[in-house]
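Single-structure report; data block below.
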Amino acid sequence: MEGKMKVMVMEDIGKVTIRKMDIPKPGPGQVLVRIHQCNICTTDWQTWKGLRKSMGRKFPWAPGHEMAGEIVELGEGVTNPALKIGTHVVFGGQGSRGCGECHFCRSGHPDRCVNKPKEVEFGGVSGSFGFSQYAAYESGRLYPVDSSISYEEAGFVEPISTCIHGAKRIRIAPGDKVLVIGAGNLGLVNAQVAKVFGGDVIVSEISEERCRLAQSIGLKTVNPMKEDLNSVIKRFTKGIGVNVVILAVANTTVNDQALKVLAPRGRILFFASGHPVPELNVNANQIHYKEMELIGTYNSDPSDYQLAAEFLGSGVVKVGKIISQKIPMDDCQHAFELASTPGTYRVSITLD
């Protein structure tokens with residue numbers, strides 16, 4: 001396929017533009033995908049807003065990793081029978097590939113590869129190119145999704161995979177009492193995934209509107225601005241405390257809350273990152289005597305992507321209500337303004 005395509009590029013903090021580039025040609029083992037939708041991740045809009053300067057991002061940069069589209073061309077040597085012209089697919093991120101030779105890759109964790117591949121470079125720009133009309137990637141980074149799922153919903157496979165990765169890390173088991181703090185995009189996804197893993201879940205959220213949305217998808221909620229969180233958790237757990245806390249927001253206040261409501265031998269999952277970095281007011285003896293576990297999670301493995309596609313396809317994780325708006329890519333600057341507005345759920349950019 002030849003011709004030009006539109007690519008959204010972040011030129012600098014606060015500035016995104018549309019560039020014209022050649023449609024890439026899939027190389028050996030690659031697949032060319034026509035991307036239809038890409039959702040603006042928190043990482044994307046926080047970088048745009050200048051909140052993640054510590055990550056050392058260099059511009060221009062082609063962001064976007066929550067994208068979905070359909071296969072339009074197969075490169076030489078693509079043998080996966082599930083990948084055919086017209087198949088709807090999502091993309092595995094950096095964590096879905098690695099060198100295949102280092103300790104972590106051979107242990108089944110390519111997201112921790114010590115020889116992590118660099119971002120794609122194309123047209124003088126580096127990045128993941130989720131906000132481009134076409135992209136050519138290795139066939140091993142593609143995951144088929146049911147064609148009945150809208151492209152904007154299919155784009156949630158990547159964030160769902162990170163929640164699955166976290167659920168595995170925190171070892172949610174049937175019957176566990178689970179508190180998810182935050183009912184934003186990934187708070188609601190984390191809560192649904194925790195339920196699938198067998199947890200009895202309650203979500204803490206200070207926005208009453210978000211509490212109502214959480215309830216509409218079958219989640220129990222508590223608003224700590226209206227009810228005493230400790231009292232609610234005591235009733236919820238019959239005075240024992242929660243086995244698991246998932247921090248889907250990052251600040252010092254929620255860190256303190258998590259430590260107070262945790263049961264002995266409980267686990268806290270630090271899912272969200274904070275910019276600036278929040279404080280953690282815990283001492284070593286507290287961890288020792290309570291036998292608590294403080295666990296971090298970041299990225300996801302190929303098995304997590306596969307399971308995420310299955311969860312979304314089967315309907316056990318629902319994301320339709322957490323897509324705020326669809327915006328044409330020519331209006332990308334406005335889309336980022338919306339995505340960075342407090343209270344907004346996912347904003348999806350249409351690349352047609």
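Some notes on this structure:
- Charges were assigned to the Cβ only: +1 to each Lys and Arg, -1 to each Asp and Glu. The resulting dipole of the chain about its Cα centre is roughly 820 debye.
- Of the accessible area of the chain, computed with a 1.4 Å probe over protein heavy atoms only, carbon and sulfur atoms account for 51 percent.
- Whichever aspartates and glutamates have a C-alpha closer than 19 Å to that of K220, once near sequence neighbours (fewer than 8 apart) are set aside: D176, D200, E205, E208, E209, D228
- Counting all C-alpha pairs of segment 83-234, share separated by more than 25 Å (%): 46
- For segment 337-352, the Karplus equation 6.51 cos²θ - 1.76 cosθ + 1.60, evaluated at θ = phi - 60°, returns couplings of 4, 5, 4, 8, 7, x, x, 7, 8, 5, 9, 10, 9, 8, 9, 6 Hz by residue, with Gly and Pro reported as x.
- Highest average first, the peptides 261-267, 23-29, 114-120 ordered by how many other beta carbon atoms sit within 10 Å of their residues are 261-267, 23-29, 114-120.
- For the options I327, I85, I246, a Gaussian network treatment of the chain with springs between C-alpha atoms closer than 10 Å singles out I85 as fluctuating the most.
- Student exercise, segment 163-296 dipole from Lys, Arg, Asp, Glu Cβ charges, in Debye to nearest 20: 400
- Relative intensity, log₁₀ I(q)/I(0), of segment 146-219 from a Debye sum that treats every alpha carbon as a point, q = 0.14, 0.19 Å⁻¹: -0.45, -0.80
- Distance from segment 312-335 to segment 155-213 (C-alpha centre basis), Å: 18
- In the chain, a dipole from Cβ-located charges (positive for Lys and Arg, negative for Asp and Glu) runs towards its positive end, and of G69, N283, A272 it is N283 whose Cα lies farthest in that direction.
- Solvent-accessible surface of segment 3-121, taken per residue with a 1.4 Å probe and all protein chains present: 48 Å².
- Value of Rg to Rh for segment 163-296, rounded to two decimals, is 0.93; Kirkwood radius and Rg both from alpha-carbon coordinates.
- Taking 14 Å as the straight-line reach from the Cα of K58, the aspartates and glutamates in range (excluding those fewer than 8 positions away in the same chain) are E11, D12, D44, E119, E121.
The values are calculated or read from the model by the stated rules, or taken from the named source; none is laboratory data. Since we're looking at a predicted model, the values are computed, not measured. Note that we place each Cβ from the backbone using ideal geometry, even for glycine, and neighbour counts take in every protein chain shown. The accessibility values were calculated without ligands, DNA or RNA, using every heavy atom of the protein model including side chains. Shrake-Rupley method; radii C 1.70, N 1.55, O 1.52, S 1.80 Å.
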